[in-house]
Amino acid sequence: MFEQGVIRPPSEASSLFVRVTRNCPWNRCHICPAYKGKDFSRRSVEEVKRDIDMMADYYYPNKNPFSSAFLQDADSLILPAPELVEIIKYIKERFPGIGRITTYARAKSMKRKSPGDYLRLKEAGLTRIHSGMESGSLNVLKLIQKGINPDDILAGGVLVRESGISLSEYVMPGVGGKKLSREHAMETARLLNEIRPDFIRVRTFAVHPMSPIQKMIGEGSFEPMNDEEVVEEIRLLLENLEDMPAHFRCGDFSLNLLMQVDGMLDRDKKAMMGEIDRYLALTKEQKLAYSLIQRSYPGIRPIDVVRDEGVMEKMRQEIARLEKNPGSAHDYIRSLMTCQLPQPQTDIWK
């Protein structure tokens, strides 16, 4: 049977998944549980082609249901460009209805490809690259052991943008904790303004209990942020982003408290800032109630739900129950967020 990896971007949920590498070549960061305990390996072109053949045989009774494909796992661009070109062309040969082909890539792999490589990849049919920069702050990148620096992110991002391939950069509010929050927002905005990606996808940070960051919290060296503080950080990020033709995307990730903050920076920035300010204008009690509702039942939900006195009467009872021990409501919220993370494939974090 053909292989498939464990994660993909939300926007690729209905894509054909073609696994060209297994797991993550870095796999040492403190924030991603998906590949922990699993070794990285490259797959040969022949092996991938056999998978594509099997997928074509398996899916074609449904008359080619796919219009897009996603290359897995964490860093497909680590493969030589000629191998990727051959794989992409073969996907389009066996699945002629596919018009969009995308992939994940790490910044270091992106910057190692030449302009000629990107030209050949684009001509073959690669249309978008998804990359997790997480932060523009060197201190934050070191804290989470990301294995890249801002220069890597900038060099790789600019190469992709200049090639004409669509670029989707992922940022992680809250990942610097309270100490680095302002630096994280400002340096991330500065770097994104230089790269000017097509998409800025917001991925609010949640701590996996096996992560080294959980240990740092216990030791007092990392102070996690609550929902209100993360929203304030997102506001600072958004405020400092230029009005460029980039989609600022919160609506495709349920860990984002305000999923409705979603739009084009050059058209919808004012409206997005206004939505954040409506949340920040709530009372502390209303903000906590909104967090409990949103974390229990994720989705795009109007802020005015907590202006309803009937709703708040019920929520006060729940808050009182949780707050028998001070601070336990925020601990409960963090536990709900953790449940939405991808789980490690093994019981070890390494």
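The values are calculated or read from the model by the stated rules, or taken from the named source; none is laboratory data. All of these numbers come straight from a predicted model, not from anything done at the bench. Ideal geometry is used to build each Cβ from the backbone, glycine not excepted, and the neighbour counts take in all protein chains shown. The area values use the complete protein model at the heavy-atom level, side chains included, leaving out ligands, DNA and RNA. Shrake-Rupley method; radii C 1.70, N 1.55, O 1.52, S 1.80 Å.
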Exercise. Residues being under 15 Å from Thr188 (Cα atoms), touching a Leu at 6+ places or on another chain (Cβ under 7 Å) and in a helix (DSSP H, G or I): count how many of those fall in region 155-177.
Key: 1
Practice problem: Pull up region 28-58, narrow it to residues that are hydroxyl-bearing (Ser, Thr, Tyr) and in a loop (DSSP other than H, G, I, E, B), then point me to the one that is most open to solvent (accessible area, probe 1.4 Å). | Solution: Ser44
Quiz item: Does any residue of region 19-27 turn out to be surrounded by fewer than 16 Cβ atoms within 10 Å (Cβ to Cβ) and not β-branched (Val, Ile, Thr)?
Solution: no
Exercise. Could you pull out the residue among Leu77, Leu71 that is out of contact with any Lys or Arg (no Cβ under 7 Å at 6 or more places or on another chain), within 17 Å of Thr127 (Cα to Cα), of a type outside the set (Phe, Trp, Tyr) and crowded, with 19+ Cβ neighbours inside 10 Å?
Key: Leu71
Quiz prompt | Hits in region 115-141 - residues which are open to solvent by 40 Å² or more (accessible area, probe 1.4 Å), farther than 29 Å from Pro173 by Cα and in contact (Cβ under 8 Å) with a residue 40 or more places away in the chain | solution = Pro115, Leu119, Lys122
Quiz item: Residues of region 164-184 being touching a strand residue (DSSP E or B) at 6+ places or on another chain (Cβ under 9 Å) and either small (Gly, Ala, Ser) or open to solvent by 50 Å² or more (accessible area, probe 1.4 Å) (or both), which ones?
Solution: Ser166, Ser168
Exercise. Select, from Asp39, Asp53, the only residue that is out of contact with any helix residue (DSSP H, G or I) (no Cβ under 9 Å at 6 or more places or on another chain), in contact (Cβ under 8 Å) with a residue 12 or more places away in the chain and acidic (Asp, Glu).
Key: Asp39
Quiz prompt | Scan of region 118-133 for residues that are part of a strand (DSSP E or B) and closer than 15 Å to Gly156 by Cα, ordered by number | solution = Arg128, Ile129, His130, Ser131, Gly132, Met133
